[in-house]
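The values are calculated or read from the model by the stated rules, or taken from the named source; none is laboratory data. No experiment lies behind these values; they were computed from the predicted model shown. Positions of Cβ are backbone-derived with ideal geometry, glycine not excepted, and every protein chain shown enters the neighbour counts.
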Amino acid sequence: MPLIKNGAFVEDSFQTVADDAELTSNGTIVSLARFQKDRETLLARNAPLGVRLQSSESPEVLGEDVQRLSVVVLEFPKFRDGRAFSWARMLRTRLGFKGEIRASGHFLYDQLAYMTRVGIDAFEVRENVTLDDFARALGEMTYVYQPSADGRRTIRDLRAHPRT
Amino acid sequence: MYRYDEFDARVVADRVAQFRYQVERRLAGELTEDEFKPLRLMNGLYLQLHAYMLRIAVPYGTLAPKQLRLLAHIARKYDKGYGHFTTRQNIQFNWIKLVDVPDALADLATVEMHAIQTSGNCIRNVTADHFAGAARDELEDPRILAEIVRQWSTLHPEFSFLPRKFKIAVSGSEHDRAAVKFHDVGIEIIKNDKGEIGYRIYAGGGMGRTPYIGHVVGDFVAKPDILAFLEAVMRVYNQSGRRDNLFKARIKILVNALGPEEMRKQVMREFEEIKASGALDVPAEELARIAKYFAPPAFEALSDDVPGYEAARRSNAAFRAWTKTNIAAHRAPGYAIATISLKPIGGVPGDATHEQLDALADLLDEFGMGELRVSHEQNLVLPHVRKKDLPAIFAKLEALGLATPNAGLVTDIIACPGLDYCDLANARSIPIAQEISKRFADLDRQHDIGELKIKISGCINACGHHHAGHIGVLGVDKKGVEYYQLQLGGSGAEDASIGEVLGPAFDKHEIVDAVEGVVGVYLERREKNERFLDTVRRVGIEPFKERAYQGWAFHI
Amino acid sequence: MAQTDQILTANRLRDGEVVYWSRGRWVAALDAAEVFGDDPAAKAALKAADASVQDRTVVNPYLFDVRVEDGVRHPVKEREIIRAAGPTVRSDLGKQSSEAFDVSL
């Protein structure tokens, strides 16, 4: 699946490993269930580690461990399931996660701007999505009313400080 | 009223372009209907029985003359010459074409209007007391907060794909004319012991399949904290609201599953965090800046004793009748609040023609009134009218068919569009409203009955707010045939209550008789100055049930 | 119990107009709709209608029950009666009025 990060297609340096499969020596993404079960082993490895969360799984359970993860994958089982927007936000603010938050599953072009705002920075996109599409999606709304995880200046801020 | 600056205008313009592109992609096959549906819903576009329907936002029910004129234009250019005012203070057009919607939205944008988030699983139009800024019992104009909430909730990146729709209402008075306790979040503006003004927050109210009255989750939220608090509520809901069952996805289900105490706890935890970050503080300057937009017009120093008004009441019986019900006391001496009933006897509740919309704009201009209001009871309101102008205004309204003297009376019925228009409906509601209206047309009889709020919904989604009706009627489908369930004793005011169902459903011929029957019981049993609602509450539903099902021996 | 016949309906994508299937094309009037006397024929038409969804002519095609009496099609459900004619409270609007069906879309 093509991966877009920071406005460009990038190689996926991670491999998602099933719960009962052998771990590889490269970057590995495991389910939350496996992470909780094999936590010690996984964290002891000298390889980048990622956890994949289903939409019903809050990142809260990861706690301090997020600082030791390189990537958290948020699943979108249906584009209507908007829980991941809050999970991404939680990862960035409450948990202070600075690694990659990757969206996987079914989401729409029309959600990309919101997803970016709440802190998602990598996107497993469908085959036909181009970088132009992506850039266009992000640029559709010139201004935003609310503060979010992206730190983008809000309309209220622009009103108060127009020349900064 | 609020006026857009360049930022607000740009948001709406960008949104029009965005939707235009979405329509293009849909027509080109790049979006399936399943993908397109939530996107068009978030721009207020439904596919109904006969055609598409566009629901245009009227923030807290306030409309300026230029907006009324543009709505008339929309009706003529893109629709069939009329619009329908809804129970959430919005306006709907029933015959719009998908291919025309981007252009219609572009036209709306020229007068600071849009259809953003009037549907979809997002935060909807924020409604407020339709007497805002005018009522005597008002503590503070609720539209100030409503505007702040509107901006914060518009295209919120985190809360645009909620489990279900989310409705917020604000009341600034002792008497709740916004039905806040029946909203997902209801906000009451209150004063604490120190005399400070703040907000009491209810959560988990709602109509629908399982009606609930909201629980207090914030006893007194200080003004600067309000957005942080609301964001906290939304976050708890977005994270934990059910997504497995459409009928259990509203916040009312969550609040009742967790219990109010646990809900408060979770909200407080989020709230403390957000507040500590300062990101959503509403500084005093911002509150003051927004408040300025809602400063009342400069009221003339008038006496409340207006001889011309009193003389007209004496000499003109029709005017006198109208003032009995359609005039409410205004905080400024010499002024009044006038309700324009959109419930002509036998007419379609809440509808207005393009001619009426244009004429109302002219009326506002002629009498120096800057705005009118849409009430959630599907009527219009002139909030600031000089009493001395009332006779002339009444004459104009009469000529327009807008002077029905029935505000709050039995013929002032709220009805959803129902099966005549709506894809979700089980039964028609408008013809029932029309029949009841005609049955009770006699004005003396209406006055004798007094205040009686009848609300009719064509399906369980309860857009007619039947759970909050003194008399509530719910249309149901029994093997493809329309039946109607009757309930009594609901109220959307500060004494909020959910109506109690009387028994088995009536068919479309029986229901009007049943309504007349229960009104009869009220008239027989009422004491002193009891309204219908009071009598129901005092005596219980048994006597009403008996009468409604009289002659049903062979059924039961 | 007598089996009811079925008719296939949808809404046109571009303007939301109610349309009925009639031998491979969509028509505006219930009177002109093809009536399916047996389930396999109805299901086959529903499947064929998928092409109209794919080419963005219509949305959400579905079958509904009718009884045909003296050549007149009577939908069993109130909903389809109303959908075929227009709002019962506005006889001047919808298919029941004299408005012409706009083929241009």
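Inside the range A:92-108, can you point out the residues that are more than 8 Å from chain B (Cβ to nearest Cβ) and out of contact with any strand residue (DSSP E or B) (no Cβ under 6 Å at 6 or more places or on another chain)? Quick ask: steps written out before the conclusion?
Kept after step one, since they are more than 8 Å from chain B (Cβ to nearest Cβ), are these residues of the range A:92-108: A:92, A:95-107.
Correct list: A:Arg92, A:Leu95, A:Gly96, A:Phe97, A:Lys98.
Considering only residues of the range C:44-71 that are among the acidic types (Asp, Glu) and more than 14 Å from the chain's Cα centre (by Cα), which is farthest from the other protein chains (Cβ to nearest Cβ)? Break it down into steps so the answer makes sense when it comes.
Taking the range C:44-71 and keeping what is among the acidic types (Asp, Glu), we get C:50, C:55, C:65, C:69-70.
If we keep only those that are more than 14 Å from the chain's Cα centre (by Cα) too, we end up with C:50, C:55, C:69-70.
Numbers: C:Asp50: 12, C:Asp55: 8, C:Glu69: 16, C:Asp70: 21 Å.
Filtering first and then ranking leaves C:Asp70.
Being buried (at least 17 other Cβ atoms within 10 Å of the Cβ) and within 15 Å of C:Ala32 (Cβ to Cβ) is the filter here, so list the residues in the range C:68-79 that pass it.
Of everything in the range C:68-79, those that are buried (at least 17 other Cβ atoms within 10 Å of the Cβ) and within 15 Å of C:Ala32 (Cβ to Cβ) turn out to be C:Arg73, C:Pro75.
Tell me whether the range A:66-84 contains one or more residues that are hydrophobic (A, V, I, L, M, F, W, C), at pLDDT 95 or above and in a helix (DSSP H, G or I).
Yes: one or more hits.
Quick check on the range A:61-81. Is at least one of its residues facing chain B (nearest Cβ under 8 Å), within 26 Å of B:Ile116 (Cα to Cα), acidic (Asp, Glu) and within 16 Å of the chain's Cα centre (by Cα)?
Here is the first cut: in the range A:61-81, the ones facing chain B (nearest Cβ under 8 Å) are A:79-81.
Those left that are additionally within 26 Å of B:Ile116 (Cα to Cα): A:79-81.
Add one more test, that the residue is acidic (Asp, Glu), and what stays is A:81.
Adding the requirement that they be within 16 Å of the chain's Cα centre (by Cα) leaves A:81.
Looking through the range A:61-81, at least one residue is facing chain B (nearest Cβ under 8 Å), within 26 Å of B:Ile116 (Cα to Cα), acidic (Asp, Glu) and within 16 Å of the chain's Cα centre (by Cα).
For the range A:46-73, which positions are farther than 24 Å from A:Phe107 by Cα and among the charged types (D, E, K, R)?
Scanning the range A:46-73 gives A:Glu64, A:Asp65, A:Arg68.
Can you name the residue in the range B:149-176 that is more than 10 Å from chain A (Cβ to nearest Cβ), of a type in the set (A, V, I, L, M, F, W, C) and within 25 Å of A:Arg89 (Cα to Cα) and is also farthest from the chain's Cα centre (by Cα) among such residues?
Selected residue: B:Val149.
B:Asn529 versus (1) touching a Gly at 6+ places or on another chain (Cβ under 9 Å); (2) touching a residue at least 12 places away in the same chain (Cβ under 8 Å); (3) within 30 Å of B:Ala128 (Cα to Cα): which is the lone unmet condition?
(2)
Might you check whether a residue that is farther than 30 Å from B:Asn245 by Cα and without any contact (Cβ under 8 Å) to a residue 60 or more places away in the chain occurs anywhere in the range A:79-92?
no
Out of the residues in the range B:22-56 that are more than 13 Å from chain C (Cβ to nearest Cβ) and part of a strand (DSSP E or B), state the one that is farthest from C:Ala85 (Cα to Cα). So that I can check it myself, show each step before the final result.
From the range B:22-56, those more than 13 Å from chain C (Cβ to nearest Cβ) are B:22, B:38-39, B:41-44, B:55-56; that's our starting set.
With part of a strand (DSSP E or B) added as a condition, the list becomes B:55-56.
Working: B:Arg55: 23, B:Ile56: 26 Å.
Restricting to residues being more than 13 Å from chain C (Cβ to nearest Cβ) and part of a strand (DSSP E or B), the top hit is B:Ile56.
Could you check how many residues of the range B:446-493 are free of Cβ contacts under 8 Å to residues at least 24 places away in the same chain and closer than 18 Å to B:Phe532 by Cα?
1
Can you pull out every residue in the range A:144-164 that is facing chain B (nearest Cβ under 8 Å), out of contact with any Ser or Thr (no Cβ under 8 Å at 6 or more places or on another chain) and in a loop (DSSP other than H, G, I, E, B)?
Hit for the range A:144-164 is A:Ser148, nothing else.
Within the range A:1-39, track down each residue that is outside any helix (DSSP H, G or I), exposed (fewer than 15 other Cβ atoms within 10 Å of the Cβ) and hydrophobic (A, V, I, L, M, F, W, C).
A:Met1, A:Ala8, A:Phe9, A:Val10, A:Ala18, A:Ala21
State the number of residues belonging to the range B:114-148 that are aliphatic (A, V, I, L, M), assigned to a loop (DSSP other than H, G, I, E, B), more than 15 Å from the chain's Cα centre (by Cα) and buried (at least 23 other Cβ atoms within 10 Å of the Cβ).
Here the count works out to 3.
Taking the range B:57-78, which residues are of a type in the set (Val, Ile, Thr) and part of a loop (DSSP other than H, G, I, E, B)? Even if it seems obvious, please write down each step before you answer.
Of the range B:57-78, the ones of a type in the set (Val, Ile, Thr) are B:58, B:62, B:74.
Across the range B:57-78, the qualifying residue is only B:Val58.
Residues checked against (1) surrounded by fewer than 19 Cβ atoms within 10 Å (Cβ to Cβ); (2) outside the structural domain of B:Leu162 (by TED's automatic domain parsing); (3) part of a helix (DSSP H, G or I):
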position	(1), (2), (3)
B:Glu188	no, no, no
B:Lys194	yes, no, no
B:Phe220	yes, no, no
B:Ile226	no, no, yes
B:Leu230	no, no, yes
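Quick one: which strands (runs of 3 or more DSSP E) lie wholly within the range C:1-40 and hold at least 1 residues that are within 13 Å of chain B (Cβ to nearest Cβ), among the polar types (S, T, N, Q) and in contact (Cβ under 8 Å) with a residue 12 or more places away in the chain?
Counting at least 1 such residues, we get C:5-12.
Output the number of the condition that B:Ile432 fails; it satisfies all remaining conditions of (1) within 14 Å of another protein chain (Cβ to nearest Cβ); (2) surrounded by fewer than 24 Cβ atoms within 10 Å (Cβ to Cβ).
Going through the list (1) within 14 Å of another protein chain (Cβ to nearest Cβ); (2) surrounded by fewer than 24 Cβ atoms within 10 Å (Cβ to Cβ), B:Ile432 breaks only (2).
Pick from A:Leu112, A:Leu74, A:Leu95, A:Leu53: which is buried (at least 21 other Cβ atoms within 10 Å of the Cβ), more than 30 Å from B:Arg25 (Cα to Cα) and in contact with a helix residue (DSSP H, G or I) (Cβ under 7 Å, 6 or more places away or on another chain)?
One residue alone meets the criteria, A:Leu53.
Scan the helices (runs of 4 or more DSSP H) fully inside the range B:260-339 and keep the ones with 2 or more residues being more than 13 Å from chain A (Cβ to nearest Cβ) and β-branched (Val, Ile, Thr).
B:317-326
Please go through the range B:392-429 and pick out each residue that is more than 13 Å from chain C (Cβ to nearest Cβ) and among the polar types (S, T, N, Q). Even if it seems obvious, please write down each step before you answer.
Applying the first criterion (more than 13 Å from chain C (Cβ to nearest Cβ)) to the range B:392-429 yields B:392-414.
Passing the criteria: B:Thr404, B:Asn406, B:Thr411.
I'd like to know if the range A:124-140 contains one or more residues that are among the small types (Gly, Ala, Ser), touching a residue at least 24 places away in the same chain (Cβ under 8 Å), buried (at least 20 other Cβ atoms within 10 Å of the Cβ) and part of a loop (DSSP other than H, G, I, E, B).
no
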